[in-house]
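Here's the structure, in structure tokens; my notes come after.
The values are calculated or read from the model by the stated rules, or taken from the named source; none is laboratory data. This one's a predicted model, so the numbers in the text were calculated from it and none came from an experiment. We place every Cβ from the backbone using ideal geometry, glycine too, and count neighbours over all the protein chains shown. Remember, those area values only see protein heavy atoms, side chains included, never the ligands or the DNA or RNA. Shrake-Rupley method; radii C 1.70, N 1.55, O 1.52, S 1.80 Å.
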Amino acid sequence: MFNISTTTCPYVFWFFRCSPRHQLGLESMGGQSCCCRKIHSDAKPKDPFTLAQRDLTSLYDDIKKELFVSKELKSLCDYYFDGKGKAIRPMIVVLMARALNIHSNRAGDLLPGQRAIAMISEMIHTASLVHDDVIDGSDKRRGKRTINEVWGERKAILAGDFILSAASMALARIGNNTVVKVLSQVIEDLVRGEFMQLGSKENENERFKHYLEKTFKKTASLIANSCKAVSILVNSDPEVHEIAFQYGKNVGIAFQLVDDVLDFTSGASQMGKPTAADLKLGLATGPVLFACQQFPELHAMIMRRFSSKGDVDRAWQYVLQSDGVQQTTYLAQRYCQEAIRQLSMLRPSAERDALIRLTEMVLTRDK
């Protein structure tokens, strides 16, 4: 993790000064240090993977039962549900549900509907990956060939659609209209986010706002609304729902910011996909947008989506010569800090502390 101070990141603070806090989604953040650990006790939280393991053991088996169809379609749908993914989203949902149950004076065990939401979150996420790979023309995902590379684009699209339809059926069985509405918002956000990714903005302030809003819709909305959904099933207090939502929103944005950093700092073997992938797709992520403040030459490249010969290599070099990676990392730290601040409003529990640790791990992951 980068240790970034106010003296080494002037452009971060330029951005924070010039951008209204509501654009960042950081309205409630104070001027505290970006060290996440200071917000809670020094006692070492439990390992989130160990704590959530009991509830996640049969997750992929349960998902495969939802996708019980003809042999070929089942092979496509099961391809990514092989148990080798990080399962970060269902893990967050499980831990949040149990933390909320304890906060609401219940036993920590999951309600059936909460467990279903954890499963649905992973199904929606995986369906979006299948569709993204078709849109991007990707040939690798999680270190292996993509569905569209193995079976072709048409079947990949149908597989993604079927996973979404199975998730919708599982959602309907929960029998809570508010939960259905909350998780349906995720599907809308995913589509809107994908459309936002197809465009860019001339104005630099508008461009960064556009980037963060797109990041929320494509990545953080699923985590935020899944956390909110499990809160609705156990607690009627809107303030508790908002705590759950804000935690998911902030940790989700931080997760994607770190992902965007790793595109410049990790090798292909670590990421399971080629590096500089975003530049090659014409996407200007956080490191590029920050680098543009030091290298204005990037502006024209961003607007033409790095389509001219040599654009990708030059943009890569500009980012590495700038503070773009460090500033994006600092911004991720700020979002993690806010996520932990939201969690601190819940009653202390092993699950709450595990979520805090998981949030800190978002910043230090290398793949």
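Values for this structure:
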| read-out | value |
| --- | --- |
| Centroid-to-centroid separation of the stretch 72-93 and the stretch 199-263 [C-alpha atoms, Å] | 22 Å |
| Using a Förster distance of 56 Å, the FRET efficiency for GLU194-LYS46 (Cβ separation, nearest 0.05) | 0.95 |
| Whole-number percent relative contact order across the chain, with pairs defined as alpha carbons under 8 Å at least 6 apart | 25 percent |
| Computed helical MRE - 222 nm, the chain, DSSP H runs ≥ 4 contributing -39500 (n - 2.57), nearest 500 | -21500 deg cm²/dmol |
| Exceeding the 22 Å Cα-Cα cut-off - candidates LYS209/LYS249; LYS201/LYS228; LYS65/LYS228; LYS84/LYS217; LYS74/LYS214; LYS218/LYS249 | LYS201/LYS228; LYS65/LYS228; LYS84/LYS217; LYS74/LYS214 |
| Rh by Kirkwood over Cα pairs, then Stokes-Einstein D for the chain at 0.890 mPa s and 25 °C, µm²/s | 117 µm²/s |
| Label-point gap, in nm, between LEU281 and LYS367 - each point 7 angstrom along Cα→Cβ | 2.0 nm |
| Accessible surface of the chain [probe 1.4 Å, protein heavy atoms]: carbon and sulfur percent | 52 percent |
| Charge-dipole axis of the chain as Lys and Arg at +1 and Asp and Glu at -1 on Cβ define it, positive-most pick from VAL182, SER266, ASN235 | ASN235 |
| ARG89 - accessible surface, heavy atoms, 1.4 Å probe, Å² rounded to 10 | 30 Å² |
| FRET E, pair LEU320, HIS299, Förster distance 22 Å, beta-carbon r, rounded to 0.05 | 0.75 |
| At least 20 Å along the helix axis (C-alpha) and Kyte average at least 1.0, DSSP helices within the chain | 88-103 |
| Most fluctuating residue given options PHE195, PHE81, PHE208, as computed from a GNM of the chain linking Cα atoms under 10 Å | PHE195 |
| Residues with amide H under 5 Å from that of ARG141, placed H, sequence gap 5 or more | THR146 |
| FRET efficiency, 1/(1 + (r/R0)^6) with R0 25 Å, evaluated for VAL180 and ASP139 via beta carbons | 0.10 |
| Accessible area (Å², per residue) of the chain, counting only protein heavy atoms and a probe of 1.4 Å | 43 Å² |
| Dmax and Rg, reported as Rg then Dmax, of the stretch 123-218 (C-alpha, Å) | 15.5, 46 |
| Proximal aspartates and glutamates relative to LYS280, as straight alpha-carbon distance under 15 Å, when same-chain residues fewer than 8 apart are discounted | ASP132, ASP133, ASP136, ASP139, ASP260, ASP263, ASP311, ASP313 |
| Cα→Cβ-extended label distance, 7 Å offset, between LEU158 and LYS71, nm | 1.6 nm |
